[in-house]
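Just so you know, all these numbers are worked out from the coordinates, no wet-lab data involved. Nothing here was measured: the structure is a model prediction, and the numbers come from that model. Cβ atoms come from the backbone with ideal geometry, glycine included; neighbour counts cover every protein chain shown.
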Amino acid sequence: MAYIIDGKKISNEIKDELKEKVIAFKENGKEITLAVVQVGNDPASSVYVGNKKKACEYIGINSLSFELPKETTEVELINLVKELNQRNDVNGILVQLPLPKHINEDIIIQTISPEKDVDGFHPMSVGALSIGHKGFVSCTPSGVIELLKRSNIQIEGKECVIVGRSNIVGKPMAFLLLRENGTVTICHSKTTNLKEVTKRADILVVAIGKPKFITKEYIKEGAIVIDVGIHRDENNKLCGDVDYNDVVDHVSAITPVPGGVGPMTIAMLMNNCVVSAT
């Protein structure tokens, strides 16, 4: 039976560690503040924003909430971000994605000061990661690394395969696994013989955006599987990019959906917020 990697438990451990750090900051007269900007009222975004606010409250971080109407213009949003960049009482800025179609996400991300880019999406943050310099790292990939390390799973020397090449998960995931001395392959929609490539993996990270796409035919027996996807199946139950029931007896360790990678994303966002104040 596979070892089930408990993201909820590990994320709670991280949040408790961060809580202690925030207490120490406050004892030295220092507050940490995250500004959260949401445009429109997309239901999924509202849930994510609510979870982030709860995490801030638990850890002791102040959160400033800017809930803007869907009709907000790109210029208005840029001006708000610029104002937050200038505020000394704001350590981190998070603009909840996706944004309405009339707003260019890339322009907004590039407007956020790299020193306050707690999502790790700014090109300067990504560039720093790619050459091994310090900077904020995208929260989901850094959460995956923490899951592996805190589950005593060695990355060094392992064959690591990532399915998905997004700027938010796939690409930064590759850089982080390389940083830990893994041997990394990235697969995507144009990869030929996908099953042959994924079956080489000692550690398989799946962020493909297709529910239950990866079955045991894609996985080497005894591999470690990290499932980044989250969807609703035909019964309206949460599921990932991996067909969990099909692969669970075939692998040595796996993250469930829900309760695997998801909680780690918010834990690492909180970690970035604490780093932003140092």
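Classify the chain as rounded, prolate or oblate from the Cα gyration tensor: take a ≥ b ≥ c as the square roots of its eigenvalues, call it rounded if a/c is under 1.5, otherwise prolate when a/b beats b/c and oblate if not. Write out the running numbers ahead of the final one.
Working: a/c = 1.77, a/b = 1.55, b/c = 1.15.
Verdict is prolate for the chain.
With respect to the cross-link table entries LYS19/LYS116; LYS134/LYS190; LYS8/LYS149; LYS21/LYS54, which display a Cα-Cα separation exceeding 25 Å? Don't skip to the answer; put the middle values down first.
Numbers: LYS19/LYS116 20 Å; LYS134/LYS190 32 Å; LYS8/LYS149 15 Å; LYS21/LYS54 17 Å.
Table pairs above 25 Å Cα-Cα are LYS134/LYS190.
I want the local charge near ASN41. Using Cβ-Cβ distances under 11 Å, sum +1 for each Lys or Arg and -1 for each Asp or Glu among the other residues.
Details: positive: LYS70; negative: ASP42, GLU67.
Net of charged neighbours comes to -1.
Defining a contact as two alpha carbons under 8 Å apart and six or more residues distant in sequence, what relative contact order in percent does the chain show?
On the way: 541 pairs, mean separation 62.3, N = 278.
It comes to 22 percent, rounded to a whole number.
What is the antiparallel percent of DSSP beta bridges lying wholly in the chain, to the nearest 5? It would help to have the intermediate numbers written out before the result.
Numbers: 2 of 31 bridges.
In the chain, approximately 5 percent of DSSP beta bridges are antiparallel ones.
When the chain is modelled as a GNM with alpha-carbon springs shorter than 10 Å, which of MET173, MET268, MET124 fluctuates the most?
Highest fluctuation of the listed residues: MET124.
Give the aspartates and glutamates whose C-alpha is closer than 16 Å to that of LYS101, dropping any in the same chain fewer than 8 places away, or say none.
ASP42, GLU71, GLU74, GLU76
If each residue of separation counts as 0.36 nm, what is the full-extension length gain between GLU20 and THR215 once their alpha-carbon separation is subtracted? Spell out each step's value before the answer.
Working: separation 195, 0.36 × 195 = 70.20 nm, distance 4.12 nm.
Between GLU20 and THR215, full extension yields an extra 66.1 nm.
Give me HIS250, HIS102 ranked fewest to most by other Cβ atoms within 10 Å of their Cβ, as a rough exposure proxy. Can you show the working numbers first?
Working: HIS250 17, HIS102 11.
In order of increasing Cβ crowding within 10 Å: HIS102, HIS250.
To the nearest 0.05, what FRET efficiency results for LYS195 and ASP233 with a Förster distance of 22 Å applied to their C-beta separation?
Numbers: r = 22 Å, r/R0 = 1.02.
It comes to 0.45.
Expressed as an acute angle from 0 to 90° and rounded to the nearest 10, what is the orientation of the C-alpha long axis of helix 74-86 relative to the principal long axis of the chain?
Compared with the principal axis, the helix lies near 80 degrees.
Treat the count of other C-beta atoms within 10 Å as a stand-in for reagent exposure and order THR265, THR255 from fewest to most.
By the 10 Å Cβ count, ascending: THR265, THR255.
For the chain, set up a Gaussian network in which alpha carbons nearer than 10 Å are linked by springs, and say which option among TYR58, TYR218, TYR244 fluctuates the most.
Between TYR58, TYR218, TYR244, it is TYR58 that shows the largest mean-square fluctuation.
So what is the calculated 222 nm ellipticity per residue for the chain, using -39500 (n - 2.57) for each DSSP H run with n of 4 or more, over all residues, to the nearest 500 deg cm²/dmol? Working shown, then result.
Details: 10 runs with 113 residues, N = 278.
About -12500 deg cm²/dmol.
Which residue fluctuates most in the GNM of the chain (Cα springs below 10 Å): PRO123, PRO43, PRO100?
Among PRO123, PRO43, PRO100, the largest mean-square fluctuation in the Gaussian network model of the chain belongs to PRO43.
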